[in-house]
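Every number here is computed from the coordinates shown, using simple stated rules; none is lab data. Owing to the predicted nature of the structure, the values given are computational and were not obtained by experimental measurement. For neighbour counting, all protein chains shown are included, and Cβ atoms are generated from backbone atoms with ideal geometry for every residue, glycine included.
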Amino acid sequence: MSERVLEFHAVSREFGRGKRRRLVLNSLDLSVAPGQCVVLVGPNGSGKSTALRIAAGVLEPTSGIVTPGVRVPGVALGAERSFYMRLSARRNLEFFAHVAGVSRRNSRRLVARVAGELGLSRQLDSVVAELSRGMRSLLALARALVFEPRLLVLDEPLTGVDAFGRVRAHAVVGRRMRQGTGVLMSGHSLEEGYEWGDVLSYSGGDPVGSSFRSPS
Amino acid sequence: MLGILSGLVSLAMLMLVGRVVALAGSGFESRVGMSYTWYAVSGALVHGLGMSALGAFRRVVRREQLQGTLEQLLASGRSPVVVVVLAGSAELVLQAVAFVSAGFVASWVTGTALPAPAALGVAGLYACGMAGLGLASAGVTIVCKEGEPIAWVFGMLSGALGGVCFPSFLLPAWLAAAARLLPTTHALALVRASLGGAPLPKLPLVALAAFGAIAAVSGVVVLRWGLSKARCAGTLARY
């Protein structure tokens, strides 16, 4: 069996108790190989974000086995509320890189590089609160990329991003994939999913208790 | 600025109450060994420091939840307990510096001798113990989201019984016995003894050190429990 950067085996997740119990993920199997991008596509409430949060390690599955192949994934789970709003974009990126284990000196270099790649260099010294929604989405992607992880977990990473930003983001993530980085991400449409890589699409019917399968 | 202003107003009020106590006779000073003003100021400062230390980690956890950065920090691969401790420590140090500075300002305003190094050491030991308990408070906050009982119980009992504004010998015997279970009582006894130039009594010192050790261990255990429970329930980012 080839090396995997992430594997889910029969992963299920329920929320609530008693009558309010709700099955959100139902026995999901997936694996991400180095250099592969797996996109979960489905409507709201189909469990995409839940699967990604489990992959990021911030949510435990109710049952099933998650085998992470990397110690720390690069994570972007929501751009709107995940930054220190009164600090600059640069300080935010450097801080999160440092928390992920990058030395202060290296973090400056890596932040400048990833910001340049994503076209964020001019926004680096703006406070995050002043950035547009699209800019914050790109900033969240930059934060996930900055410490060069071998796995990226991205929840709808390009929400609000303009066409130029999308092209840049595709190029940057594609480059990382060619270097062996695996990607697990979510999207709303099959077209968007196929732009990125291999699609696991929502299996249809009521989102409650759904899971994702390769589309026929 | 508003905090400094309200601190100065509180100091003025305590000085006025001190004058009232002095007018009533010299019984208080001869029994306690210091003026009422300095007694109450030292009580308010040490109690305030303890309460700040108790709430430091809880405030940080709540702030990170509000900002949405808690999940992002916990996805960083670092130990969740280390993340919370490091994030809260900065707040703790800032609060400690603020309270020590307030102590020096108060001694200058009231014309009392500067706080002795031993008093600062005892206050530091007390703050560390309360910070340990604060870890438990943060763990409970992560699970309960609101209505955290540890800080409420310790805050209320310490303020009422710990000898902050009046000596515990004024309490009924059963309440005075309960007061001896509070770390604030021992911390204040030690701080006031060192301010008065007396040698530090051993029993309160041992009690304070034991409280600190137990609080730190139980704090880490409860915080681990809280983080694990919230991770299982999927409520880490909720507040």
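Tell me the angle of helix B:117-144 to the major Cα principal axis of chain B, expressed in degrees between 0 and 90 and rounded to the nearest ten.
Once rounded, one gets 40 degrees.
For peptide A:47-60, compute the average count of partner chain beta-carbon atoms within 10 Å of each residue's beta-carbon. Can you show the working numbers first?
Working: counts 0, 0, 0, 1, 0, 0, 6, 1, 1, 4, 6, 12, 9, 7.
Neighbouring Cβ atoms belonging to other protein chains average 3 per residue here.
Any chance you could give the angle, 0 to 90 degrees and rounded to 10, that helix A:163-178 forms with the longest Cα principal axis of chain A?
Result, in degrees: 80.
Near A:Ala100, within a Cβ-to-Cβ distance under 13 Å, what is the net charge of the other residues, with Lys and Arg +1 and Asp and Glu -1? Kindly include the intermediate steps, with their values, before the conclusion.
Details: positive: A:Arg71, A:Arg104, A:Arg143, A:Arg150, B:Arg78; negative: A:Glu94, A:Glu148.
Around A:Ala100, the charge tally is +3.
Give the angle, between 0 and 90 degrees and rounded to the nearest 10, that separates the Cα long axis of helix A:133-145 from the longest principal axis of the Cα atoms of chain A.
Approximately 90 degrees, to the nearest 10.
Quick one: what are the phi-derived ³J(HN,Hα) couplings along segment B:43-56, Karplus 6.51/-1.76/1.60 with θ = phi - 60°, whole Hz, x for glycine and proline?
x, 5, 5, 5, 4, x, 4, x, 5, 5, 5, 5, x, 4
Taking K and R as +1 and D and E as -1, what net charge do the other residues with C-beta under 11 Å from the C-beta of A:Thr181 add up to? Numbers along the way, then the final one.
Values: positive: A:Arg150, A:Arg175, A:Arg176, A:Arg178; negative: A:Glu148.
Result for the neighbourhood of A:Thr181: +3.
Run the numbers for B:Ser218 and B:Val20: contour at 0.36 nm per residue of separation, minus the present Cα-Cα distance, in nm.
67.0 nm
Among B:Gly226, B:Ala56, A:Ala142, which residue has its Cα furthest toward the positive end of the charge dipole of the protein assembly as shown, with +1 on Lys/Arg Cβ and -1 on Asp/Glu Cβ?
Of the listed residues, the answer is B:Ala56.
Using modelled amide H (1.01 Å from N, peptide plane; none on Pro or chain starts), what sits under 5 Å from the amide H of A:Ser126, excluding residues fewer than 5 places away?
Sorted by chain and number, the residues that satisfy this are A:Ala89, A:Arg90.
Straight-line reach only, C-alpha to C-alpha below 19 angstrom: list the aspartates and glutamates that B:Lys229 could link to, leaving out same-chain residues fewer than 8 apart.
A:Glu14, A:Glu60, B:Glu64, B:Glu71, B:Glu146, B:Glu148
Using the Cα centre as the reference, give the magnitude of the dipole from point charges on the C-beta atoms of chain A (Lys, Arg: +1; Asp, Glu: -1; all else neutral), rounded to the nearest 20 debye.
Values: 30 positive and 19 negative charges, 167 e Å.
Result for chain A is approximately 800 debye, rounded to the nearest 20.
Arrange the following residues from fewest to most other Cβ atoms within 10 Å of their Cβ: B:Trp174, B:Trp225, A:Trp196. Numbers along the way, then the final one.
Numbers: B:Trp174 8, B:Trp225 15, A:Trp196 22.
Neighbour counts put them in this order, fewest first: B:Trp174, B:Trp225, A:Trp196.
Based on the Cα atoms of segment B:92-171, what semi-axes does the equivalent ellipsoid have, where each is the square root of 5 times one gyration tensor eigenvalue, given in whole Å with the largest first? The partial results should precede the final answer.
Working: eigenvalues 153, 62, 24 Å².
The answer is 28, 18, 11 Å, longest axis first.
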